[in-house]
1. Within region 224-242, which residues are closer than 12 Å to Gln292 by Cβ and in a strand (DSSP E or B)?
2. Every residue in region 190-223 that is crowded, with 21+ Cβ neighbours inside 10 Å and outside any helix (DSSP H, G or I), please.
3. Quick check: anything in region 37-60 out of contact with any His (no Cβ under 8 Å at 6 or more places or on another chain), under 25 Å from Cys223 (Cα atoms), crowded, with 23+ Cβ neighbours inside 10 Å and at pLDDT 95 or above?
4. Those residues that are over 11 Å from Thr269 (Cβ atoms) and crowded, with 23+ Cβ neighbours inside 10 Å, I need them from region 100-109; list them, please.
5. Say we look at region 61-75 and pick out the residues that are in a loop (DSSP other than H, G, I, E, B) and under 17 Å from the mean Cα position of the chain (by Cα); which of these is surrounded by the fewest Cβ atoms within 10 Å (Cβ to Cβ)?
6. Check region 286-308 and report whether any residue there is touching a strand residue (DSSP E or B) at 6+ places or on another chain (Cβ under 7 Å) and either without any contact (Cβ under 8 Å) to a residue 40 or more places away in the chain or crowded, with 19+ Cβ neighbours inside 10 Å (or both).
7. Taking region 210-252 as the region of interest, how many residues are more than 23 Å from the chain's Cα centre (by Cα) and not acidic (Asp, Glu)?
8. Consider region 99-115. How many of its residues are assigned to a loop (DSSP other than H, G, I, E, B) and among the aliphatic types (A, V, I, L, M)?
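The values are calculated or read from the model by the stated rules, or taken from the named source; none is laboratory data. Predicted, not measured: the structure shown is a model, and the values here were computed from it. A quick note on method: Cβ atoms are made from the backbone with ideal geometry, for glycine too, and the neighbour counts reach across all protein chains shown.
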Amino acid sequence: MKILMLSAIVATSVMGASLIDEAKTAGLKPIPANPKALEKLTSNPKNPTTAAKVELGKMLYFEPRLSKSGLISCNTCHNLAIGGVDGMSAAIGHKWTSNPHGLSSPTVYNAVFYSQQFWDGRSPHLEDQAQGPIQAGPEMAAPKDYVTNVVTSMPEYVKMFQKAYGKDVKITFEKVADTIAVFERTLVTPSRYDDFLRGNKKALTTAEQKGLKTFIDKGCTTCHNDIALGGTMQAFGVVAPYKYMNVGDFKGDKNGMVRVPTLRNVTQTAPYFHNGQIATLSEAIKEMGRIQLGVDLTNEEIASIQTFLQSLEGKKPTIIYPMLPSATATTPKVDVVNN
């Protein structure tokens with residue numbers, strides 16, 4: 001019995017070691033464990049991360065008065081308490097408007113690792129991305145000047161901008177978006193999977209390692225790779241059309257390419273696909289096999305991959321809900337009739 005147990009342990013250890021190499025060869029990379037290495041990877045040299053910027057960015061992320069209605073903040077659609085999403089098939093914004101293209105809100109967690117932002121990849125980084133939803137009519141519907149007036153009307157925000165950027169800072173709409181982006185760059189969620197890729201063969205169970213092996217062997221890493229296991233632009237519906245492609249008018253960018261969603265914390269980001277038409281992870285896996293890989297995955301293979309994906313649920317940073325500044329006499333008033 002002892003010999004059999006020892007043999008099983010040795011076999012698992014050997015499988016783990018070879019699987020780590022296989023995963024790296026397939027393009028999978030861990031989140032750096034070293035804080036300085038992680039900061040270097042996630043920080044924008046043109047917009048360096050500092051504690052003052054992060055704290056201010058967090059407040060602005062949760063600030064509903066940046067929206068024309070005074071009700072919607074970044075956290076409304078990218079709720080940090082529930083996986084960085086809103087759980088809706090299509091995002092709901094200003095005046096309860098559903099996203100006109102039928103698009104769902106992708107998670108903000110680990111978005112810093114994406115090569116491009118938005119489903120069509122139109123933004124190169126988080127600073128640019130943060131400007132879009134605030135101004136978009138179906139989302140927060142706030143013009144640039146409105147946002148600037150809201151922020152500069154509150155002395156506490158002015159002082160915090162001065163602390164973060166210097167006494168002579170000019171508070172602009174772009175600076176507000178930049179600061180939100182700095183906070184978003186800290187929303188990284190390392191998991192046991194990262195420990196495994198860094199060499200801890202016991203970080204994943206035997207079943208999870210089997211699922212990772214299946215994930216690699218079936219070709220999932222063709223699109224879901226690198227640190228985010230996604231985040232690049234890829235062709236969608238490679239061998240067959242997505243069965244809900246007619247829901248909404250989104251067809252990808254001008255080349256039909258779609259930004260691949262991260263698989264980190266994927267157990268928390270349902271419903272799935274750009275238009276949120278698939279409710280369960282098992283169905284999403286099956287559909288991806290059909291339309292991207294051209295394979296009819298068995299129930300056993302689907303369950304195995306899903307077991308691996310569960311290991312991608314990471315440790316989220318502690319977020320303490322901020323107390324926001326009081327409005328003043330000069331803070332723009334919300335027009336509940338016309339807004």
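1. Gln234, Ala235
2. Leu204, Cys223
3. No, every residue in region 37-60 fails to be out of contact with any His (no Cβ under 8 Å at 6 or more places or on another chain), under 25 Å from Cys223 (Cα atoms), crowded, with 23+ Cβ neighbours inside 10 Å and at pLDDT 95 or above.
4. none
5. Quick first cut of region 61-75, residues in a loop (DSSP other than H, G, I, E, B) only: 62-63, 67-73.
Going one step further and asking which of them are under 17 Å from the mean Cα position of the chain (by Cα), we end up with 62, 73.
On the way: Phe62: 19, Ser73: 21.
Step by step, filter region 61-75, then rank; the result is Phe62.
6. yes
7. 10
8. Let us first name the residues in region 99-115 that are assigned to a loop (DSSP other than H, G, I, E, B), namely 99-110, 114-115.
Subset that is among the aliphatic types (A, V, I, L, M): 103, 108.
The number of residues fulfilling the criteria is 2.
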